[in-house]
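Below is one structure; the comments refer to it alone.
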Amino acid sequence: MSKASVEDIKLASNGLRGQIAEQFADTALTHVPDDSNVLLKFHGSYQQDDRDQRAERNKAKLDKAWSFMIRSKMPGGRISSEQWLIHDELCTKAMGNMRLTNRQGIQLHGVLKGGLKEVIHNVCHSGLSTMGACGDVVRNTMGPAAPIKDAVHADTQKLTEEISQRFLWRSSAYADMWLDGEKIDPEWIKDPEVNPDVRAATTAPEGEDPIYGQVYLPRKFKIAVAIQPCNDVDLYSQDCGFVPHVVNGEVEGYTITVGGGFGMSHGQLSTRPFLGQPLLYVKRAHVVDATEAIVTTQRDHGNRTERKNARMKYTVQTMGIDGFRAEVVRRLPGIETFPAKELKFDSVEDTLGWHEQGDGQLYCAVFVSMGRIADADGKPQYRACFREIAESVKCPIIVTPNTNLILADIDPADKAKVDAILTKHGVVHSDDMTRARKVAHACVALPTCGLSLSESERALPGIMDKIDPILRELGMVEEPILFRMTGCPNGCGRPYNADFGFVGRAPNKYAMFVGGSVRGDRLAGLEFKSVLGEDIPTRVREFLEAFKTERKDGEIFADWFARTRTTGEAPQPEQFHIELAERAAKLAGEKVSAAE
Ligand code: SRM
Ligand code: SF4
């Protein structure tokens with residue numbers, strides 16, 4: 001689909017309605033045309049097909065096995081036990097499982113066309129929503145996962161909710177299509193616990209959207225809030241990041257970063273990952289207005305003719321950070337802005353296991369392999385486990401940016417009960433895992449993702465099974481090393497700032513990036529243009545052995561790599577790409593793996 005046509009589809013959509021309602025009412029259609037799929041994303045759903053079945057069905061001259069992925073969004077990953085149970089129930093309308101996402105959302109895959117409305121309807125009636133979970137709008141706003149009970153954590157969570165509210169798209173299309181028009185303060189919305197997004201969704205005014213206009217944003221827009229030194233939300237990978245500045249225990253204001261983003265296309269030099277850069281600092285009262293000034297700057301200056309270059313990271317590059325800042329400040333008349341404060345992070349990891357919240361209660365962060373909540377044979381019974389916890393402990397639940405699950409507000413008297421439920425379902429605490437395993441993540445990829453070029457979620461656990469013994473042998477069980485994988489260069493698994501990032505380029509072939517940082521504040525560079533899945537552990541071992549030999553006392557992998565393998569210069573576009581990468585070409589001659 002050409003870039004301009006997406007703009008045309010949005011413009012002609014009549015508040016994101018298009019022909020979706022008619023096409024869903026037409027039971028003869030197994031799927032919807034591409035233009036409806038473009039619009040459907042704004043409603044939180046993607047049309048997909050089961051790629052495991054594609055070749056066989058094609059051979060048998062059958063239509064693709066069409067279905068829909070539905071993404072629920074909740075600012076900061078917060079979800080109640082009741083909402084969890086509704087999602088658990090909805091798994092039966094999907095593939096029998098759900099996927100925690102690395103933006104703290106939940107995805108249901110494999111929902112059939114006839115069931116989509118019921119699923120979205122039920123998600124909304126749970127008090128969450130799918131509105132704007134995808135599409136060219138502000139996506140789910142991420143926030144620190146740990147439920148620490150202090151003024152700073154309370155404020156960051158409040159900010160994620162304020163941002164979500166401000167940037168919800170406004171049109172009654174959502175309510176008309178999925179909620180049978182329920183939008184005037186229906187009974188179920190009176191529950192004070194209900195996420196305010198839903199109220200806004202169901203009471204959306206008619207007419208032109210006050211922020212997004214008729215063509216919405218040029219591209220998706222991602223926002224996260226982080227509390228130093230924890231970078232669990234991966235701040236620098238976001239279009240826009242917020243970090244509170246604390247004075248006497250209270251938040252005085254926020255430093256704002258802009259222009260991060262990871263998507264790129266193999267070999268296309270105009271595309272590449274960027275880390276966010278500091279923009280400015282504003283007092284707390286002005287943070288959401290400042291965000292609107294940033295979002296509308298992107299709305300008005302973003303590239304609307306070339307979708308591959310439409311993310312805000314390219315707008316910031318084109319305007320220059322100073323030019324971008326000047327435009328944002330111009331849009332904030334009467335609001336004082338200040339230079340950004342210095343930021344320092346130590347890790348993107350979750351703090352797994354049991355912790356005190358600061359109010360006498362406990363929270364438990366449970367490792368969930370690749371975020372997949374399923375009851376698969378021979379594996380932890382995650383779905384049954386969390387269902388039982390939601391039913392019997394009834395605690396608030398939090399999806400973390402590393403696709404783990406936090407059980408919050410646990411009375412210390414219930415700790416043993418929770419542990420017993422975890423054990424009963426084979427969900428073990430992460431104490432015996434390598435530190436690298438605890439944080440390793442892969443994007444979804446096959447069989448549902450239409451863009452994947454290789455396996456990812458289904459490949460990384462097996463690869464980590466081979467890397468773990470190497471880490472143990474080299475005495476690196478507790479070493480903070482970040483492994484991430486994606487099935488294509490779009491970068492959903494955030495591979496480009498990992499210590500080791502594997503980016504799918506063809507079945508079982510991965511471009512291997514090395515040299516990001518577990519702090520999330522440095523980009524990796526391309527080391528091998530194509531490595532077979534089975535060769536990854538050997539390539540990793542070479543780096544780990546060199547690290548072991550050359551490291552200084554207390555030096556972590558990321559710092560060793562920076563000291564010994566980089567010039568300290570920011571990576572150039574060529575360093576991310578396969579066909580044109582000088583560095584890769586050099587390496588290809590010297591030590592490219594058997595994949596070549
Ligand atoms: Fe993503 C598209 C899955 C986080 C960059 N992403 C997709 C789609 C919807 C494929 C599609 O367009 O047909 C994937 C659905 C697969 C499936 O079957 O479920 C998909 N992305 C995911 C998730 C589920 C991966 C995960 O392991 O959790 C994450 C959902 C987050 C959420 O709840 O909203 C997810 N995607 C990300 C991230 C990381 C982040 O947001 O922190 C990135 C990199 C950061 C960024 O956006 O720059 C990311 N996804 C992309 C891109 C490339 C965007 C670009 O600028 O070029 C695409 C493709 C696109 O938009 O054209 C994409
Ligand atoms: Fe799909 Fe590529 Fe994103 Fe993985 S990185 S989920 S393969 S779009």
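Tabulated data for the structure shown
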quantity	calculated
Cα pair distances of region 204-306 binned at 10 Å [whole percent]	14, 39, 31, 14, 2
q = 0.22, 0.23, 0.28 Å⁻¹, region 263-316: log10 I(q)/I(0) [Debye, one scatterer per Cα]	-0.89, -0.94, -1.14
Percent breakdown of C-alpha pair distances by 5 Å bin, ordered from the shortest bin, for region 353-501	2, 9, 17, 20, 18, 15, 12, 6, 2, 0
Mean Cβ count within 10 Å, highest first, over the residues of peptides 33-40, 434-441, 510-517	510-517, 434-441, 33-40
Globularity index of region 55-105, i.e. its alpha-carbon radius of gyration over 2.2 N^0.38 Å	1.56
Accessible surface, the chain, averaged per residue in Å² (probe 1.4 Å)	38
Links that overshoot a 31 Å alpha carbon limit, given the list LYS220/LYS438; LYS61/LYS529; LYS41/LYS61; LYS117/LYS509	LYS61/LYS529; LYS117/LYS509
Residue-averaged [θ]222 nm for the chain, counting only DSSP H segments that reach four residues, each worth -39500 (n - 2.57)	-9500 deg cm²/dmol
Fraction of antiparallel bridges per DSSP, the chain only, in percent to nearest 5	80
Square roots of five times the Cα gyration tensor eigenvalues for region 238-379, Å	32, 26, 12
If the convex hull is drawn through the Cα atoms of the chain, its volume per residue in Å³	157
Top positive-direction residue, dipole computed over region 415-462 with Cβ charges, set ALA459, THR434, ALA416	ALA416
Selection of GluC sites (Glu not before Pro), region 242-345, meeting DSSP coil and at most 16 other Cβ within 10 Å	GLU306, GLU336, GLU342
Rounded to whole Å, sorted largest first: equivalent-ellipsoid semi-axes of region 1-56, Cα gyration tensor	22, 15, 9
Sum of side-chain charges, ARG437 neighbourhood, beta-carbon under 10 Å (Lys, Arg +1; Asp, Glu -1)	-1
Accessible surface of ASP535 - all protein chains present, 1.4 Å probe, nearest 10 Å²	30
Cα-based convex hull, region 1-130, per residue volume (Å³, whole number)	132
D_trans [Stokes-Einstein, Kirkwood Rh over alpha-carbon pairs] for region 447-492, 37 °C, 0.692 mPa s, µm² s⁻¹	271
Cβ-placed point charges (K, R +1; D, E -1), dipole of region 229-327 about Cα centre in debye, nearest 20	420
Under 19 Å from the Cα of LYS548 - lysines, other chains or at least 8 residues apart	LYS466
Whole-Å distance, taken between Cα centres, linking region 421-481 and region 233-275	26
If the convex hull is drawn through the Cα atoms of region 66-135, its volume per residue in Å³	83
Amide proton proximity set for SER347, modelled H, under 5 Å, gap of 5+	ASN231
Isolated Cys in the chain, by beta carbon distance under 4.7 Å	CYS91, CYS124, CYS134, CYS230, CYS240, CYS364, CYS385, CYS395, CYS449, CYS488
Computed P(r) (all Cα pairs; region 318-439; 10 Å bins; percent)	11, 34, 21, 12, 15, 7, 0
D (Stokes-Einstein, µm²/s), Kirkwood Cα radius, region 419-486, 1.567 mPa s at 4 °C	96
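The values are calculated or read from the model by the stated rules, or taken from the named source; none is laboratory data. As the structure is a prediction and not an experimental result, all values here were calculated from the model. Cβ sites come from the backbone with ideal geometry, for glycine too, and all protein chains shown count toward neighbours. SASA here: full protein model, heavy atoms, side chains in, ligands and nucleic acids out. Shrake-Rupley method; radii C 1.70, N 1.55, O 1.52, S 1.80 Å.
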